[in-house]
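Below is one structure, written out as structure tokens; comments come after it.
The values are calculated or read from the model by the stated rules, or taken from the named source; none is laboratory data. Since the structure is predicted, the reported quantities are computational estimates derived from the model, not experimental observations. Ideal geometry is used to build each Cβ from the backbone, glycine not excepted, and the neighbour counts take in all protein chains shown.
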């Protein structure tokens, strides 16, 4: 038996597991039955919007991931990662993973934060020689308009006395900002490098919908801290606006990732919605060029009624188009009749609730169990096929077994 | 691909489907995926006690079944069947199917019944040349002590005037019985033929636990009818006792199938519990001499805690011993951990509740659906194996498909 070629392309189980986590569960379920030598697994988690864009992207594109320390929003060393796809030519920076809201836990002052760590990741990306950097602008705990990032890259933020403003203790220092000097930023930036800022919502830097009025700030900071941050970011927006020749504070995108968007505008980044980026980076059509034995997709609810844009359904249709059997693992099959599911092109399906009546595990364990059940069935099919080769041996074996046991 | 060899050996789903019905459902589930040319199915429904002994027996032994009319308990022609197993040498008579309680529906007088139809089946069996007759003594609507059966076979029941008593209108006529004359019964009876009466409970003909106090009689007949029947059966027991030299009315077995047991005693039948008969006639060990690709068993509740005598578990153990993968289809897997089920030797399982969340069907449809899901998984395994032969063709095909669809 050659290696089975299995494509794993699930969506997330809403509110419970992201698609890359589901893909990992499916992989484990397969491995319980087919070890590495008997099955090759390619994980291609689906992205259907939401916060796991970069995680899904890395898994989908078999990213090489490098781990090292950068500075946290509160400027102490913290583990982070930089990923490379497309043979190393594209770096992926995950803002939420590096400086996300997890840092707000037990924080002394949510306005005393810096995006310096993102600048450090960009430096590492530049020095690795990539030509494109995708920055997934998820939630950030660094509410400094990207000031820290710019400084890490060599930009100078100068006050009225011509002195560099130290922003690593928080954005309020920017109230004294007079000049942003980009002359000394990393030489490859804005020339050889394309920075793509991928966002969920194009929020703004200033005003009552601005960064200073972030929920995390409002629930943790004093009124004075909020006001100080708000004023400082307005000052930053004014000075940045002189360079960019727009009203940055109200410019859609300037507020994404705690205002990192503003810093990225100064770096000449291109802005792109996650949805649009996903269409380019999650290329399922190409994925089916390989001759998969079968594909396993997963979703919380599978139904023939669910919108045509639903990704697992898209995978099933693509599989059908390419003659590849598609197995669906779902928490719920929202149908009355199984036949409706098969009509959709599904080859077979396994529900997470179809296991033992008193399950102990959480969703992730239930997914692994469901996949294991499915794979054990597939294994029966494989062994049924293989018996073909030596039907006699089996008879002899069972006769021997009988003799020994009788 | 040669034909798959599939053994189907389920138990019943208590209170819902008998084992032979479950086997039929499993067969249909398989056929939805594997037509006759691609799969040979052998149905061997399990017998675990209860009323489906003969049905399971016939299915298990691939019986030849002959349909014809006999007389109903109320002596009108009604469809019945006689089955032959062991190459025709053994006939099987199913009392419940021929003259069972179904005839009590809308009956005018439950004491006016006859077992004549069973005699007709025995005549047919004798004339077909069998050497053994298994009579499955299930519930009967003919409460005549077997008088009608005896008369159909040529026995004479004679009153004080030397006249034959007509019992086809009901047993109360037996109050006038003086002599039972067996001289003219079918010549092959009591010589060449072994009659085996298979019973569930060894009830008695007379007394307060006797046939006249059957629930069906008590709820439908008048007090006088009950008393008349009771007295007549006592008379019948007295006369029969003179031949058999036992107190027939209190002899365990004399009351089985509405007293058919008494008539069978007069025919020299051997009495045997269904459990003991099942051990002989349901020979699972021999069944596994064939090289099955896999076995499908079914049960309402499968659990590693269930008693060792549990038949589906026995099938799984036998399958394991013979190296045959075992698939369990169950309404409930009463476990917390799937691993416990696999430890039992189960290869994989499919639950009836594991299908669509809003199922429309009854248990039988849910079983078919569950088996279909399982078989579609097995099919994926088979097709994965077969790709091995021509991996290139598949690549070409998908390229062509792509071209056409792009």
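Every condition in (1) within 25 Å of residue B:166 (Cβ to Cβ); (2) at pLDDT below 95 is met by residue B:93 except one, and the failing one is (2).
Answer with yes or no whether residue A:389 is at pLDDT below 90, closer than 19 Å to residue A:4 by Cβ and more than 7 Å from chain B (Cβ to nearest Cβ). Here the answer is yes, as residue A:389 does meet what is asked. Residues that are assigned by TED's automatic domain parsing to the domain that holds residue B:136, surrounded by fewer than 20 Cβ atoms within 10 Å (Cβ to Cβ) and assigned to a strand (DSSP E or B): does the range B:32-54 have at least one? The answer is no, given that none of the residues of the range B:32-54 is assigned by TED's automatic domain parsing to the domain that holds residue B:136, surrounded by fewer than 20 Cβ atoms within 10 Å (Cβ to Cβ) and assigned to a strand (DSSP E or B). Looking at B:185, B:193, B:165, just one residue is touching a strand residue (DSSP E or B) at 6+ places or on another chain (Cβ under 8 Å) and modelled with pLDDT under 95, and that residue is B:193. The number of residues in the range B:322-352 that are facing chain A (nearest Cβ under 7 Å), farther than 20 Å from residue B:30 by Cα and without any contact (Cβ under 8 Å) to a residue 24 or more places away in the chain comes to 4. Across the range B:2-28, the qualifying residues are those that are in contact with a helix residue (DSSP H, G or I) (Cβ under 8 Å, 6 or more places away or on another chain), farther than 16 Å from residue B:54 by Cα and not in a loop (DSSP other than H, G, I, E, B), and the one among them that is nearest to the other protein chains (Cβ to nearest Cβ) is B:4. Filtered by the rule that a residue be touching a helix residue (DSSP H, G or I) at 6+ places or on another chain (Cβ under 6 Å) and modelled with pLDDT under 90, the range B:196-216 gives a lone residue, B:216. Only one entry of B:79, B:73 meets the criterion of being assigned by TED's automatic domain parsing to the domain that holds residue B:201, under 25 Å from residue B:256 (Cβ atoms), out of contact with any helix residue (DSSP H, G or I) (no Cβ under 8 Å at 6 or more places or on another chain) and not in a helix (DSSP H, G or I), and that entry is B:79.
Candidates in the range A:336-354 are the residues that are at pLDDT below 85 and crowded, with 17+ Cβ neighbours inside 10 Å; of these, the one that is nearest to the chain's Cα centre (by Cα) is A:338.
Restricting attention to the range B:238-253, the residues that are touching a residue at least 60 places away in the same chain (Cβ under 8 Å) and surrounded by 24 or more Cβ atoms within 10 Å (Cβ to Cβ) add up to 1.
Of the residues that make up the range B:158-167, is at least one in contact (Cβ under 8 Å) with a residue 24 or more places away in the chain and in a loop (DSSP other than H, G, I, E, B)? Among the residues of the range B:158-167, at least one is in contact (Cβ under 8 Å) with a residue 24 or more places away in the chain and in a loop (DSSP other than H, G, I, E, B), which makes the answer yes.
For residue B:307, the criteria (1) within 14 Å of another protein chain (Cβ to nearest Cβ); (2) modelled with pLDDT under 85 hold in every case but one, which is (1).
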